[in-house]
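Encoded as structure tokens, the structure appears first; notes follow it.
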Amino acid sequence: GAGVSQSPSNKVTEKGKDVELRCDPISGHTALYWYRQSLGQGLEFLIYFQGNSAPDKSGLPSDRFSAERTGGSVSTLTIQRTQQEDSAVYLCASKGIGLSGELFFGEGSRLTVL
Amino acid sequence: KQEVTQIPAALSVPEGENLVLNCSFTDSAIYNLQWFRQDPGKGLTSLLLIQSSQREQTSGRLNASLDKSSGRSTLYIAASQPGDSATYLCAALMDSSYKLIFGSGTRLLVRP
């Protein structure tokens, strides 16, 4: 596609349920990031994928969070046993080869945990 | 640890005014700096990307400058319009890593 695509755009779930958020990066982009933006807060780094290298998971807030990237393209962020504090907008971004490129963001997935 | 600060947190100006948004960073070892715009309920839209070797970049009414030695970047918006109302974020990419460190943003309102 022309841009970064995220789904679902909105997700309402009950506390304790698992959720999966999907990101389809720009074709050919090797780097993929997940960020979290809580209401009125800045962007919090979660995880970074670069090609076939091991991902940097240092930003994941707890072991309930995990992410994978299959075939170097689509990524899925999974949150297990959701808590109310997980409510936020989860943003995915991708970038082409090399550090110098622009980062392009998707529209985000808004997660509400009741 | 890199910290990125944006001042002011909010700004309200009348239409037509020229304005400057500020972004400062504590560690000058940056690879590049990117300015984004975020509309309510939306993702981030890239506005301008300045490499560390550049001093400024221009796109239409927008001009971004970078001064690594002083740890500052500015986004200049000429002849502001109500459609410019949004939150503007800057983000620094560190030399030593791939992480973009974001500022908390400046919320701009351009009044008709």
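The values are calculated or read from the model by the stated rules, or taken from the named source; none is laboratory data. None of the values given here were measured: they were computed from a predicted structure. When we count neighbours, we look across all protein chains shown, and the Cβ atoms used for this are built from the backbone with ideal geometry, even at glycine. In case anyone asks, the SASA skips ligands and DNA or RNA and just uses the protein heavy atoms, side chains included. Shrake-Rupley method; radii C 1.70, N 1.55, O 1.52, S 1.80 Å.
At a glance:
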read-out	value
With 5 Å bins from 0: P(r) over the stretch B:1-72, alpha-carbon pairs, percent	3, 13, 22, 26, 21, 10, 4, 0
Solvent-accessible surface (1.4 angstrom probe) belonging to B:Ser53, in square angstrom, nearest 10	110 Å²
Net length gained if the chain between A:Glu102 and A:Thr76 were fully extended (0.36 nm per residue, minus Cα distance)	7.2 nm
Orientation-averaged projected area, Cα convex hull of the stretch A:67-114 (nm²)	4.3 nm²
Cα-derived Rg to Rh of the stretch B:33-89, Kirkwood definition	0.98
For chain A, alpha-carbon Rg and Dmax in angstrom	13.4, 41
Average Cα contact separation per residue, chain A, under 8 Å, 6 or more apart, as relative contact order %	38 percent
Over 23 Å (Cα to Cα) - which of B:Lys68/B:Lys99; A:Lys95/B:Lys99; A:Lys57/B:Lys42 fall in this group	A:Lys57/B:Lys42
q = 0.08, 0.14 Å⁻¹, the protein assembly as shown: log10 I(q)/I(0) [Debye, one scatterer per Cα]	-0.29, -0.88
Positive-pole candidate from A:Ser53, A:Asn10, A:Ser75, dipole of the protein assembly as shown, charges at beta carbon	A:Asn10
Virtual paramagnetic centre 7 Å along Cα→Cβ of B:Ser59, amide N under 17 Å, in the stretch A:78-113	A:93-96, A:100-107
